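The values are calculated or read from the model by the stated rules, or taken from the named source; none is laboratory data. What you see is a predicted model, and the numbers here were worked out from it, not measured in a lab. Using ideal geometry, Cβ is built from the backbone for each residue, glycine included, and neighbour counts are taken over all protein chains shown. To get the accessible areas, we keep the full protein, side chains included, count just its heavy atoms, and leave off ligands, DNA and RNA. Shrake-Rupley method; radii C 1.70, N 1.55, O 1.52, S 1.80 Å.
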Amino acid sequence: MRVSRIFPIVLLVVFIPVHFNIISYVSQANRNLANGDEVNVLLPSPILKITSLDYDGLVSDALYFKAMLFYGSTYVGEQQRKIFDWEYTWFYNTLTAATDLDPYFLDPYFLANGVLGWEAKRVAEANLLLAKGSHYRNWDYWLPFYLGFNYYYFLSDNTKAAEYVMQAAQKPGADPFFSVFASRLAYKGNRTENAIIFLEGVLKTSRNETMRKDYKIRIATLKLMLTLEKGVAVYKERTGNNPEKLSVLVEQHIIDRIPEDPYGGEFYVDNDGAVKTTSDLRYMKKENSKK
Amino acid sequence: MQLLWPIAIITFKEGIRNRSIYGISLLALLMLLANFVISGMVAQEVSKVAVDIALSAISFSGLLLVLFVGINLMAKDLDRKTIYMVMAKPISRSQYLIGKYIGVILLITVCMSLLSFFAAVSLLLIKFGHPTFFQRFSWLMVGLSFFFTTLMLILVAALSFLFSSFTSTSFLTFILTIISYIIGMSLNDVKALVEAPQSVGITVSPVTVKIVQAAYYVFPNLSLFDIKLQAAHGLPVPVTYVIGIVAYTMVYSVIVMTMACLIFRKKEFP
Amino acid sequence: MISFASVSKEFKEGVAAKRVRALSNLTLEIERGQIFGFLGPNGAGKSTTIKILLNLIFPDSGRATIRGMDVCDKNVRRFVGYLPENPYFYDYLTAEELLWFGGKSSGMAKSAIVERSNLLLDKVQLLESRKRPLRTYSKGMVQRAGLALALIHNPDVVILDEPMSGLDPIGRKMVGDIILELKKEGKTVFFSSHILSDVERLCDRVGIIVGGQLRLTGCVAEILKGGDTLEDAFMREVHIAGLKEVR
């Protein structure tokens, strides 16, 4: 064979492996380049609206996916999440922008409620988004229902809570248990039980696997707490006092043992006799995972 | 009319056989395929994301159609002097321009109908896969959005005709058309922004506000044709609005094409 | 049949709008049934003259008429056939569709178009490739398709801009034969060329244009009678004009 015919083949045989090496080196080097927290940059919504031309809906979808993928990526191992405070701020801003571009889009509101409400305990921000969603999606019963629950569970504002859940109950197609639930919320107490009822209702409609997993663990933990609360109530009935420690309940044979908190915290009873956990229903950060 | 028809027909034939059409259709089909994957990632409103993607894919491919096929049909005539052959017939310059425009409208309508059909099939399949998440879905609104996109493209095509009536190269027409498209699409939002700049914490000089307000009447307001959001959520659009948009398309196209004819009448083809 | 009355045309060139005189004071009369050959070096104003006849460009002054009608009137082109220089037609149309367009836009009936287009395509030997898109044609084939298009509506006046350029000897003979046939049918043919032998063979009269000015018109027979060849006459005119310009 003549050289001129072999040469291109030799060239390809040599250069294709070299190409793979170079691309892996360059992409590695790119990761090590000095750059700022680019993820924290977000254009203001009016500017986004201008730049997205007639693809507002598509950009809204993209922002939602970005926020969702970010949340999914914060798992750093079994039952471990690593999210910084500024990341929550970015998360909130992104979902706000997504719902500015398409205020009727349901999923960002759900995601905001699940993450900002339960996970970040930034209930005010979650409620702001839920209120916005309920305003636009005036046919939707889930958003005011969530809003009501947040007022009840996190902010202990029973009046507002009952008001929003009643609002939800009046929407077409609303689950009949809403109105029952609304009347339950009007009373103080039964906080844990109500939370379980609420979350089981949410779980029925949720399809997102990440969120479902979160909800299931949360329900399991709340159920454990409910058992402990009942134990405390029995103790109080017997002795007239709140137990100082949960271990007293085991000593009194009211419960077999103190269960483990799936979030990695420890259950305890405070001075008012309320059962709490050191994890506050969030994954505990392990010592070695601090940045 | 008797003279417009032959021009419209050969313009349409020349356009529909253009290889670029295959590329654009392939792109649209790929986007519609991606729709299956993406809408599967949504937890609640599958219908909204699926409709968003389907409508955006069609609107984007339609824009490519106008920019790469529509403009060429007119501008190549001038670039390559094909117009000599047409002008040698008993056809006036205005008749030529209008006949061409009718051909391009025909091309846009046929291509958009075809693409919309594919988009509808993709939506139907996604709907079949996730029936519980399509409660507020409305075929009527999706169809209306396709129709509005088609009208929008017809308007953009009219503008491209105006530009090619006075520019000397197709590239310049292409650039001017893209610029007007971008301006037309963002005009509503820009106007809202400069009239209430405090929302993003900027200050806008009164001159800018006047310029934007003037542009509002000169450029076509293309964002009026964007009812993707309403279609995605099955929100109602009143019949009067539909009539208004159809009337707006007709009036604006007539104005633009009349201007194009006036300029074209004086044009020489050395 | 075709008449120019002191037609002048200037072009603006470039950004500086430098004026270039393409045609000055052209006066010319071509009678019915004549074959008129328009000669001149490149850039002499041949194409400009023809484009004025087709209303593709407008004269600055003077008037051009065909059959007494101003060329601005589009109806003039009902009885005019035109073959542009280096014609370029639509890529994806077939020759058949091209002729359909030509006939239809001239107001011909459908059956007449089919009949006439088959006749013409046969004459220019494109009958077999009539269903192929024009982009697959060679340059000569496109030229021949253009000629068929120019003749589809059986025009009285045929204007051909460099009809022989880009053709092989067989093609040139074919075009020559068609021109002679047109003469036999009593048509008026106006064609520009710089292939002198073709002009000598085909034309009744010639005009020689140099630098935008018509230098000479006359019957071919008269010019040749003086013992000159057409080439001699042509070179002389170019030379005189050239000398003038140098001075």
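What the table shows:
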item: Where labels lie 7 Å past Cα in the beta-carbon direction, separation of B:Arg80 and C:Ser165 in nm; result: 1.8
item: Folded to 0 to 90 degrees: helix C:95-105 orientation relative to chain C principal axis, Cα; result: 70
item: Within a Gaussian network of chain C (alpha carbon springs, distance under 10 Å), most fluctuating of C:Ile209, C:Ile35, C:Ile223; result: C:Ile223
item: Net charge over other residues, Cβ less than 13 angstrom from the Cβ of A:Ala220 (K, R count +1; D, E count -1); result: +1
item: Rg and Dmax [Cα atoms of the range B:80-185; Å; Rg one decimal, Dmax integer]; result: 18.9, 62
item: Local electrostatic count at C:Met108 - Lys and Arg +1, Asp and Glu -1, tallied over other residues with Cβ under 12 Å; result: +4
item: GNM flexibility winner over chain A from A:Glu193, A:Glu260, A:Glu251 (Cα, springs under 10 Å); result: A:Glu251
item: C-alpha long axis of helix B:139-166 to longest principal axis of chain B, angle in °; result: 30
item: Ranked order, C:Cys203, C:Cys219 - accessible area, probe 1.4 Å, largest first; result: C:Cys219, C:Cys203
item: DSSP-defined beta bridges in the protein assembly as shown - what % are antiparallel, rounded to 5; result: 60
item: Angle in degrees between helix C:230-246 and the longest Cα principal axis of chain C, rounded to the nearest 10; result: 50
item: Value of relative contact order over chain B, rounded to a whole percent, pairs C-alpha under 8 Å and six or more apart; result: 27
item: log10 of Debye I(q)/I(0), alpha-carbon scatterers only, for the protein assembly as shown at 0.08, 0.09, 0.10 Å⁻¹; result: -0.85, -0.97, -1.09
item: Amide N of the range B:118-133 lying under 18 Å from the label point, which is placed 7 angstrom from the Cα of B:Phe36 along Cα→Cβ; result: B:118-131
item: Computed magnitude of the charge dipole of the protein assembly as shown (debye, nearest 20; Cβ of K, R +1, Cβ of D, E -1); result: 1480
item: Summed residue charge, Cβ within 14 Å of B:Phe166's Cβ, Lys/Arg positive, Asp/Glu negative; result: +3
item: Of B:Thr249, B:Thr203, B:Thr109, the one that fluctuates the most in a GNM where chain B has Cα springs shorter than 10 Å; result: B:Thr203
item: At least 30 Å along the helix axis (C-alpha) and Kyte average at least 1.0, DSSP helices within chain A; result: A:3-32
item: For chain C, size of Cβ-based charge dipole, Lys and Arg +1, Asp and Glu -1, in debye; result: 520
